[in-house]
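Novice: Sharing a structure below in structure tokens format, with a few things to ask.
Derivation of every value follows stated rules applied to the coordinates shown; laboratory data play no part. Treat the numbers as computed from the prediction; the structure is a model and nothing was measured. Glycine gets a Cβ as well: all are built from the backbone with ideal geometry, and neighbour counts include every protein chain shown.
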């Protein structure tokens with residue numbers, strides 16, 4: 001959502017030099033990019049690039065388009081493909097590294113940034129990004145005591161973010177799943193205000209659209225209010241055509257900026273909307289408002305004249321006549337040369353905000369500071385798991401009890417349900433944990449240790465990343481885990497196929513130790529076959545499911561790491577059903593895997609799809625032999641065979 005909040009709505013009204021009759025896929029894709037309609041450009045560019053010798057420029061534009069619509073994994077895949085070409089602009093390395101940080105690939109991102117510094121000699125330009133990678137690795141290995149929960153009741157496949165709690169109502173910004181009007185940048189609907197009820201157990205109910213605030217045709221939100229709930233401050237995109245006329249090359253467009261509206265309820269219960277007196281849609285944006293605890297200071301975000309960076313935090317004070325005074329900048333302690341946004345204030349006066357201008361783990365990180373107006377303490381990064389490689393913002397604290405806190409935040413981190421998701425969090429003082437101790441080995445035996453394996457710890461079925469670290473020179477790793485919880489452990493290393501396992505701590509007491517082992521097999525052996533665990537298909541279908549995509553993304557990364565690697569992707573069925581039909585079904589499934597890899601930046605000439613049907617069973621369960629479901633499942637598999645490298 002960062003792009004929508006900073007750049008708001010762009011409406012092209014003059015296009016020169018690209019229109020022609022019945023344009024082809026490339027021309028149409030370029031036109032859409034020219035008009036900032038990145039979501040429409042992507043499928044056309046995928047068709048253009050699926051040839052034996054694609055153009056580097058097409059691949060670069062596809063990678064950039066994916067980045068602009070926040071599809072960072074796909075952006076990384078295509079930037080990796082772009083680097084296979086000669087004479088690539090070094091600036092691409094920075095774009096690639098930022099995409100890698102968004103998906104928490106910090107080791108790779110750091111190496112790409114160091115490559116940029118070496119090629120250009122400009123170490124200063126990437127010094128802060130490199131420092132961010134170093135700290136992110138440290139913070140992931142030693143996470144803070146926050147427990148995050150994805151609020152699936154209100155989160156959808158689209159975006160929900162910027163929560164605001166008023167009594168037992170959680171207000172937030174969201175995208176409609178179905179809408180006639182769509183924003184060309186993302187291809188999704190315009191943002192609107194929703195709310196959901198919060199019960200005594202802090203559980204959310206299903207949400208509803210708040211019609212009162214959603215009259216405007218473009219983006220609406222974020223929202224905040226006073227404690228009494230009779231005055232709301234709503235960010236809206238200016239809906240008219242008096243926006244600022246801007247020019248970029250031969251493009252002229254209107255940039256419809258953000259403005260702040262104040263909704264007040266009178267004694268009769270009627271609402272009246274009045275513009276914030278310092279809105280100026282021809283010059284700058286105003287939005288993301290929040291009140292101080294005494295409600296005498298209004299903090300907000302703007303790029304008005306006098307800003308230190310792109311967008312800064314500003315404030316106005318309430319005078320004796322209950323009017324807001326002229327805005328003042330909150331100062332260079334909390335405002336950087338980057339963008340500060342989404343400020344919130346806790347009941348104890350602490351200010352939380354997001355920024356991409358300080359050292360961070362990825363896009364926007366959440367920071368905490370104490371003070372007021374233009375006097376603040378040095379911002380403190382809340383570290384992992386509050387922050388991630390993605391954009392983390394909209395942090396609100398709803399309860400503070402001693403050293404325990406409860407609240408909500410927004411994030412587009414990996415493992416979410418949609419684009420941006422709302423998470424609840426609980427912070428508690430560290431307690432006694434179970435020690436999860438492991439060793440990483442090379443191959444199926446315990447004869448040879450494997451060092452420097454990236455080991456990730458995920459919690460629950462949603463694969464929420466809890467911590468990540470490398471195994472030591474002795475192949476050892478240790479995590480602190482909670483009782484009565486299910487975890488997945490994943491080990492990865494370049495040149496090896498990953499290994500994973502699921503552990504459950506239901507029968508283990510706090511203070512005890514749980515020991516595990518990971519076995520990673522070398523991938524680079526001719527004719528070596530490896531089963532892709534977890535690739536499942538719906539009955540009689542060949543489409544790639546979301547859970548299978550997670551596994552295939554790892555194979556994509558391996559293929560990018562070894563640009564000369566060629567593989568066969570084979571699909572196998574069990575013996576149930578007709579032999580001829582099973583052969584055709586397995587071929588379709590193998591082909592769907594190949595197509596998935598091609599759409600993620602792998603050249604088609606490096607891949608072979610082969611369906612074997614039921615011709616290569618792993619057990620005795622052939623036609624007519626009675627077998628259990630588990631035995632049949634063993635035969636249904638997708639395999640990778642190394643052909644050359």
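Novice: Each label point is 7 Å from the Cα along the Cα-to-Cβ direction; what then is the distance between the points at residue 318 and residue 610, in nm?
Specialist: It is 7.4 nm.
Novice: From the helices alone, meaning DSSP H stretches of at least four residues, give me the mean residue ellipticity at 222 nm for the chain, per-run term -39500 (n - 2.57), in deg cm²/dmol to the nearest 500. Don't skip to the end; give the middle numbers.
Specialist: Working: 11 runs with 141 residues, N = 645.
Calculated mean residue ellipticity at 222 nm is -7000 deg cm²/dmol.
Novice: What is the distance in Å between the Cα centroid of segment 71-141 and that of segment 499-525?
Specialist: With segment 71-141 and segment 499-525 each reduced to a Cα centre, they are spaced 31 Å.
Novice: Roughly speaking, what is the stretch gain from residue 333 to residue 428, that is 0.36 nm per residue apart minus the C-alpha to C-alpha distance, in nm to one decimal? Working shown, then result.
Specialist: On the way: separation 95, 0.36 × 95 = 34.20 nm, distance 2.87 nm.
Taking 0.36 nm per residue and subtracting the Cα distance, the gain is 31.3 nm.
Novice: Give me the extension gain from residue 115 to residue 595: residue separation times 0.36 nm, minus the current Cα-Cα distance, reported in nm with one decimal.
Specialist: Values: separation 480, 0.36 × 480 = 172.80 nm, distance 3.13 nm.
Result for the pair: 169.7 nm of gain on full extension.
Novice: Also, I was wondering about something else. Take 361, 559, 304, 341 and order them by how many other Cβ atoms sit within 10 Å, fewest up front. Numbers along the way, then the final one.
Specialist: Details: 361 29, 559 23, 304 17, 341 26.
Sorted ascending by nearby Cβ count, the order is 304, 559, 341, 361.
Novice: What distance in nm lies between label points placed 7 Å from Cα along the C-beta direction at residue 85 and residue 378?
Specialist: 4.4 nm
Novice: Helix 106-120 versus the longest principal axis of the chain: what angle, 0 to 90°, nearest 10, using Cα atoms?
Specialist: That works out to roughly 80 degrees.
Novice: By its C-alpha gyration tensor, with a ≥ b ≥ c as the square roots of the eigenvalues, how is segment 445-540 shaped: rounded for a/c under 1.5, else prolate for a/b larger than b/c, else oblate? Don't skip to the answer; put the middle values down first.
Specialist: Numbers: a/c = 2.21, a/b = 1.23, b/c = 1.79.
Because a/c hits 1.5 or more and a/b fails to exceed b/c, segment 445-540 counts as oblate.
Novice: Measure nothing fancy, just the Cα-based angle from helix 123-141's long axis to the longest principal axis of the chain, in degrees from 0 to 90, nearest 10.
Specialist: 70 degrees
Novice: Order by neighbour count: 123, 219, fewest other Cβ atoms within 10 Å first, most last. Can you show the working numbers first?
Specialist: Values: 123 13, 219 25.
Ascending Cβ contact count within 10 Å gives the list 123, 219.
Novice: Based on the Cβ-Cβ distance of residue 644 and residue 201, what FRET efficiency does E = 1/(1 + (r/R0)^6) give at R0 = 51 Å, to the nearest 0.05?
Specialist: Details: r = 58 Å, r/R0 = 1.14.
Using R0 = 51 Å, I get an efficiency of 0.30.
Novice: How far, in degrees from 0 to 90, does helix 25-34 lean away from the longest principal axis of the Cα atoms of the chain, to the nearest 10?
Specialist: For 25-34 against the chain, the angle is about 30 degrees.
Novice: Relative contact order (percent) for the chain, with alpha-carbon contacts under 8 angstrom and 6 or more residues of separation?
Specialist: On the way: 1485 pairs, mean separation 67.1, N = 645.
About 10 percent, as a whole number.
Novice: On to the next question. How much length is gained if the chain between residue 504 and residue 226 is pulled fully straight, taking 0.36 nm per residue apart and subtracting their Cα-Cα distance, in nm to one decimal? Don't skip to the answer; put the middle values down first.
Specialist: Details: separation 278, 0.36 × 278 = 100.08 nm, distance 4.52 nm.
Computed gain between residue 504 and residue 226 is 95.6 nm.
Novice: In addition: By count of other Cβ within 10 Å, fewest leading, how are 441, 79, 263 ordered? Walk me through the numbers on the way to the answer.
Specialist: Details: 441 21, 79 28, 263 17.
Exposure proxy ranking, most exposed first: 263, 441, 79.
Novice: Using alpha-carbon pairs under 8 Å, 6+ residues apart, how would you state the relative contact order of segment 151-427 in percent? Walk me through the numbers on the way to the answer.
Specialist: On the way: 707 pairs, mean separation 39.1, N = 277.
Value for segment 151-427: 14 percent.
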